[in-house]
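Step one of this worksheet: look at the structure below.
None of the figures in this text is laboratory data; all of them are computed from the coordinates on show. Owing to the predicted nature of the structure, the values given are computational and were not obtained by experimental measurement. Please note: Cβ atoms are built from the backbone with ideal geometry, for glycine as well, and neighbour counts cover all protein chains shown.
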């Protein structure tokens, strides 16, 4: 049924932003009207609305929230097909689906072909034979995108020893694959002695569905296994029909290539385009999903590792800074202690040079040497500090010289004349006065004045 914003919103889109809800409902209502003659119109309209939402630029972010982007969302092959089906479908004429022969133990005669063609055409509107894709249970490949079928068979006819069918409402992607010969095998579901419910008339053989297969048959051992894979009618006799290869020109042979991927899936390249069997589509999507999941997990681990690595690097830099500052402080204290008035191993003016010399040494590099026949091992820094400590203490000799000078000065005072003592006392009190000025200030005559 149609929806109306904001009074009537389906439960499945209530988590979307308001703008996305409006877009979804508009597309849904249009598709619902377009598919009014289809029994599955609701499911098809629903799938079309979701494909259209992505087409309009809506997608989920890393947190799983729907956000609007400037670019169109990425639609996978089937989503793109359903979107195109929203405005157009295709019709295939005279598609070869069955023929006389023995197919996996099932012998088909010309009479069988006539029964299938005549019986199916008579009740085709009631039987509604459909086209299937892939091996997955319950046709998940089609149902996931909203397709009830890959098309509907509208007419059967016999052409010699073959059965040809017309198919309507074929999605574009499937139409192109069939036209390009991507399918070499067709699984036909034949109902034997079919009792039509409304008329109770019994038909010897009718065609209820066909399924297009790729180049390889599924890895199964019997027809029951194949029937289970195709969600076939339990009463149907499923027969695998292989089309005869037509002779190709050299030109066509040159343009058709086949590749086997590492996972065993066959890729067919035809006229520059690559195709994969529909039954392998599920496998490819699962592998892609697993790869994306692994990529996302790896990205999470990488981000966590980089964060921890950054944290560890910052801690290491902080520790190195503290260690460097501690070392510099230790060296400064050592040099200051050994260039002081009490412990003067070097002169104060040599302090900066001495500090630079000690800082240039290594704490890690060890040097072995012998002292008094005893082997010793010290780092470069400790060895240099040991050398500094062994230097003579200049403060001891300077103190001795000063003491000696004071004693000689005291002895000299006893030999001065009274006048010289007076001048000396004046100079001791007035440190900035010269000897001559002190003599004049004390009123003592010079030698020249005494001569006069």
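Among 381, 41, sorting on how many other beta-carbon atoms sit within 10 Å of each Cβ, with the fewest leading, yields 41, 381. The distance between label points at residue 363 and residue 59 comes to 5.3 nm (points 7 Å beyond Cα on the Cα→Cβ vector). Once you have the Cα-Cα distance between residue 328 and residue 419, take 0.36 nm times their residue separation minus that, and quote the gain in nm to one decimal. Length gained, residue 328 through residue 419: 26.9 nm. Take the alpha carbon gyration tensor of segment 297-378, find the square roots of its eigenvalues, order them as a ≥ b ≥ c, and report rounded if a/c is under 1.5; if not, report prolate when a/b exceeds b/c, else oblate. Oblate shape, in that a/c is at least 1.5 and b/c is the bigger or equal ratio.
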